[in-house]
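Presented below is the structure to which this report refers.
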Amino acid sequence: MTREAYQAQVYLAYASWAEVEGFPGIAAFLYKHMHEEREHMFNFLKFINGRGGKCQIQAIDAPSGDPKDMNDCLQRTLQQEIDNSLCIDAIVNLAHEEKDWATFNFAQWFVREQIEEETLVNNLIDKFGLAAQQPDHANLYALDRDMTSAPQEIAIPRDEKV
Ligand code: OFO
């Protein structure tokens, strides 16, 4: 739960950084994602409390400084999500080991969510790479503008239809 709160804190920091650096569209996308991570945190809290446990509300670590540019920001965002996926995997492994099928089932939603989130950031890295190659940066402007309304959800391979 604290890890999800940390995810939200990192998205907040990167969104604020992007806003100041002149990328309002990417900032809007990251701000929205901050809310999604807060929701994940809340999902953990409700699950733990609802199963007879009691959540301990702990301090959230500070994010590790400003990115050096937008590419660095997106790469660091991807790494955050990969690290988070490993934390979710650890929950799945432990639940399996302890035959705690309720937690195992609960964690499956997050496994799927992480596939989605890693893909979402990877796609953004690809688009940014293409746009940044243009000498006049016109595509970068368009990309940033489009990010304001970009969806936070994406289909995962299992859901794709040919
Ligand atoms: Fe993307 O971190 Fe929540 O699950």
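The values are calculated or read from the model by the stated rules, or taken from the named source; none is laboratory data. Since this is a predicted model, take the numbers as computed values, not measurements. We place every Cβ from the backbone using ideal geometry, glycine too, and count neighbours over all the protein chains shown. Side chains are part of the model used for accessible areas, which takes the heavy atoms of the whole protein and leaves out ligands, DNA and RNA. Shrake-Rupley method; radii C 1.70, N 1.55, O 1.52, S 1.80 Å.
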Q. On full extension of the chain, what length is gained from GLN134 through ASP61, given 0.36 nm per residue of separation minus the C-alpha to C-alpha distance?
A. 22.5 nm
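Highest first, please rank the peptides 108-114, 59-65 by the mean number of other Cβ atoms sitting within 10 Å of their residues.
On the way: 108-114: 16.0, 59-65: 11.7.
Answer by packing, highest mean first, reads 108-114, 59-65.
How much of the accessible area of the range 2-154, probe 1.4 Å, is carbon plus sulfur, in whole percent? Walk me through the intermediate numbers first.
Numbers: 4660 of 8600 Å².
Of all accessible area on the range 2-154, carbon and sulfur atoms account for 54 percent.
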Q: Relative to the compact-globule scaling 2.2 N^0.38 Å, provide the ratio for the alpha-carbon radius of gyration of the chain.
A: 1.13
Q: Express in whole angstrom the spacing between the alpha-carbon centres of the range 105-162 and the range 7-43.
A: 14
Q | Proximal aspartates and glutamates to LYS46, defined as alpha-carbon separation beneath 18 angstrom and excluding residues fewer than eight positions away on the same chain | A | GLU4, GLU36, GLU37, ASP100, GLU113
Q: At 1.4 Å probe size, with every protein chain present, just tell me what the per residue accessible area of the chain comes to in Å².
A: 59
Q.
Highest mean first, how do 6-14, 92-100, 150-158, 40-48 rank when packing is the count of other Cβ atoms within 10 Å averaged over residues?
A. 6-14, 40-48, 92-100, 150-158
